[in-house]
1. With a cut-off of 8 Å between alpha carbons and a minimum separation of six or more residues, what is the relative contact order of the chain in percent?
2. To the nearest 10 degrees, how steep is helix 42-51 against the longest Cα principal axis of the chain, on a 0 to 90 scale?
3. Give me 50, 37 ranked fewest to most by other Cβ atoms within 10 Å of their Cβ, as a rough exposure proxy.
4. Is any residue of the range 10-42 close enough, with backbone N under 20 Å, to a label point placed 7 angstrom from the Cα of residue 61 along the Cα-Cβ axis, and if so, which?
5. Once the convex hull of the alpha carbons of the chain is built, what does its volume come to per residue, in cubic angstrom?
């Protein structure tokens, strides 16, 4: 899943450690999210979207292939 986490973190001037502490996860989780190697739980996605004052949909981008599969 693509996301804008790194972009928003840098825009807000936050470190990965600061974002991790706010969300109650490890720095490694934030790294994995930023690299697109980990899909967050709905609770984590909500927490991160609130940190950046945006919707979950604005922060986490579902790719077209996944949407097509969901329609089947």
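1. 42
2. On a 0 to 90 degree scale, this one is about 50.
3. Least crowded to most crowded, the residues run 37, 50.
4. The answer is 10-13, 30-41, whose backbone nitrogens lie closer than 20 Å to the label point.
5. Per-residue hull volume (Cα only) is 82 Å³.
FYI, it's all coordinate maths here, none of it is from the lab. Values in this document were obtained by computation on a predicted structure and should not be read as measured data. Quick reminder, even Gly has a Cβ in these numbers, built from the backbone with ideal geometry, and neighbours come from all protein chains shown.
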